[in-house]
Amino acid sequence: MTDHATAPHPVVPLSSYVDGPRLLADIGGTNARFALETAPGQVGLIDVLPCDNYPTLADALRAYLGSPAVVAAGVDGLRHAALAIANPITGDLVRMTNHHWEFSIAALRVECGFETLEVVNDFTALARALPHLAASQKRQVGGGVARARTPLGLVGAGTGLGVSGLIPAGESWTALLSEGGHVTFSPANETEVAILQFAWRQYEHVSAERLLSGDGIELIYRALAQHTGQAGQALDAPEISRRALAGECTLCDQAIEAFCGMLGTVAGNLAVTLGAQGGIYIGGGIVPRLGERFARSSFRSRFEQKGRFVNYLAQVPTFVITADYPAFLGVSAILAEKLGS
């Protein structure tokens, strides 16, 4: 990915909001994504900045606001902002789990001159986006039909493993403030037992995130190399995925297949835990890039593999989120509720 992403559609430079454009951000462990919302549903001037290039979140934010495109649009004196961040939000101080950034929400608001600054967990924001996804922004994997006004589940692997859910609340929804990616990993077959035993040599607690993430793919690859007696190499997760998708490496393909199966079990666990008959959505940066390889993997069969509950889960649909910047939909909805419009 390049340092700067081009906006997917033109931006209306003048805001139809009476108090000006609103800043939206999606902060992950690897990239910080920024955009301006100039009217309800009108999001543009999207830019993607690598987190490692900036000492602090405030530095990255200033770089975005000072970028030529934003300056050329004549945007000045933003009053309202909403940030989704890959971290639990339990108070004013935020220390990122998968990056070194930390900040005070109140201090950041003052430093940047905002009247309103909403900071929420990234998967809380992504969960809020689910009802707003168009048919073209999601792809169903397997069978099942969503039941209206029932809970939705969300799980997504990237730098970490995000988990959330969306519960109907009157005419609106309530997003769960979940850290479900840190539940203890549960193996479902002998190969996964071997992978878990390999991981135990390095980690006292092996969470679902430890294996269902970018670092997790690398850990699975190394574990399978030892378990099967194959010769492994020093490969990172993108290269493992590339070789698997290109059909260049059997071990890489086995690692991706194990990843997909494990994710199916985690998604199925979430579905029965939440009673998510509205469907389970798969977000994060890894799965959408797997394309048809994910669709033909063991994900869906493992999702349904719950003994006496197989018929229950067969009716629950699973969707891969394919929208480019879905979290913006969620933070926009959260900010609109905060501002009353």
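The values are calculated or read from the model by the stated rules, or taken from the named source; none is laboratory data. Values in this document were obtained by computation on a predicted structure and should not be read as measured data. Note that we place each Cβ from the backbone using ideal geometry, even for glycine, and neighbour counts take in every protein chain shown. Just the protein is used for accessible areas: all its heavy atoms, side chains included, with ligands, DNA and RNA removed. Shrake-Rupley method; radii C 1.70, N 1.55, O 1.52, S 1.80 Å.
Of the residues making up region 107-145, those that are in a strand (DSSP E or B) and modelled with pLDDT under 95 number 2.
Contact map, region 14-27: residues that are modelled with pLDDT under 85 paired with residues that are buried (at least 24 other Cβ atoms within 10 Å of the Cβ), Cβ distance under 6 Å, separation 6+ or inter-chain. Pairs shown: 15/21. Scan region 146-168 for residues that are in a loop (DSSP other than H, G, I, E, B) and either hydroxyl-bearing (Ser, Thr, Tyr) or open to solvent by less than 10 Å² (accessible area, probe 1.4 Å) (or both) and the total you get is 2. Is there a residue in region 244-262 that is under 30 Å from residue 167 (Cα atoms), open to solvent by 60 Å² or more (accessible area, probe 1.4 Å) and assigned to a helix (DSSP H, G or I)? No, region 244-262 has no match at all.
Conditions (1) out of contact with any strand residue (DSSP E or B) (no Cβ under 6 Å at 6 or more places or on another chain); (2) open to solvent by 70 Å² or more (accessible area, probe 1.4 Å); (3) among the polar types (S, T, N, Q); (4) in contact (Cβ under 8 Å) with a residue 24 or more places away in the chain, marked per residue:
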| site | (1), (2), (3), (4) |
| --- | --- |
| 78 | no, no, no, yes |
| 100 | yes, yes, no, no |
| 120 | no, no, no, yes |
| 131 | yes, no, no, yes |
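Taking region 282-331 as the range and being β-branched (Val, Ile, Thr), open to solvent by less than 30 Å² (accessible area, probe 1.4 Å) and not in a helix (DSSP H, G or I) as the test, the residues that pass are 282, 286, 316, 318, 320, 321. For region 292-315, a residue qualifies if it is in contact with a Lys or Arg (Cβ under 9 Å, 6 or more places away or on another chain) and within 18 Å of residue 152 (Cβ to Cβ), and the qualifying residues are 312, 313, 315.
Being of a type in the set (A, V, I, L, M), closer than 21 Å to residue 162 by Cα, open to solvent by 20 Å² or more (accessible area, probe 1.4 Å) and under 22 Å from the mean Cα position of the chain (by Cα): is that true of residue 89 here? Here the answer is yes, as residue 89 does meet what is asked.
Scanning region 169-222 for residues that are at pLDDT below 95 and either more than 21 Å from the chain's Cα centre (by Cα) or at positive phi (or both) yields 169, 170, 171, 172.
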